[in-house]
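To start, the structure under review is shown below, and the notes come after it.
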Amino acid sequence: MDFQRSSGILMPIASLPSPYGIGTLGKAAYEFADFLKAAGQKYWQLLPLGPTSYGDSPYQSFSTFAGNPYFIDLDILIEDGLLTKSEVQSKNWGDDPRNIDYGLIYESRFEILSLAKERGYEKDKDEIDEFVSKNHWLSDYALFMACKGYFKHQSW
């Protein structure tokens, strides 16, 4: 087998620039992938993308299949009309763009995503139903997370 040498970079999604406290899978991710290609890089190695628990370690995820809600791009939700710029900007995302304040992210992110969910559920109901029907792991994950919330996120 002929193996060609190649190179890449290890950089977590969270490290991408964002005005909302943490990098996302939005425009900055696409721009970074385009930059890597232009620089002749072949690989972008990521840390695990699952939802994190206490300590926000990507290696301690609640699910193998679910994505981390921190990585949902809020600007895309604004473009889709599910949020307004002023709603998103009214939240405290932290003051230091070099460091993620996970406490602030946790407090603000889920509140703003809940608002987007309320506005988008009926609009996207058919797509949501299709996603649920194709992802049989989802009901058990949702039940587990509902129980976590009910019991104030205590460890299992």
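Pairing residues of region 57-73 that are at positive phi with residues that are not aliphatic (A, V, I, L, M), at Cβ distances under 9 Å and at least 6 apart in sequence or on separate chains, gives no pairs at all. Of the residues examined, K152 is one that is open to solvent by 70 Å² or more (accessible area, probe 1.4 Å) and either more than 20 Å from A29 (Cβ to Cβ) or in contact (Cβ under 8 Å) with a residue 40 or more places away in the chain (or both).
Mind listing whichever residues of region 1-17 are assigned to a loop (DSSP other than H, G, I, E, B) and either open to solvent by 40 Å² or more (accessible area, probe 1.4 Å) or in contact with a Lys or Arg (Cβ under 8 Å, 6 or more places away or on another chain) (or both)? The answer is M1, D2, F3, Q4, R5, S6, S7, P17. Counting only helices (runs of 4 or more DSSP H) that sit completely within region 44-138, those holding 1 or more residues that are of a type in the set (S, T, N, Q) and open to solvent by less than 60 Å² (accessible area, probe 1.4 Å) correspond to 102-120.
Do you know which residues across region 1-38 are of a type in the set (S, T, N, Q) and more than 23 Å from G94 (Cα to Cα)? Residues satisfying the conditions are Q4, S6, S7.
The values are calculated or read from the model by the stated rules, or taken from the named source; none is laboratory data. On a predicted model such as this, the values are computed, not experimentally measured, just so you know. Heads up, the Cβs are rebuilt from the backbone with ideal geometry, glycines too, and the neighbour counts pull from every protein chain shown. With ligands, DNA and RNA removed, areas are computed over all heavy atoms of the protein, side chains included. Shrake-Rupley method; radii C 1.70, N 1.55, O 1.52, S 1.80 Å.
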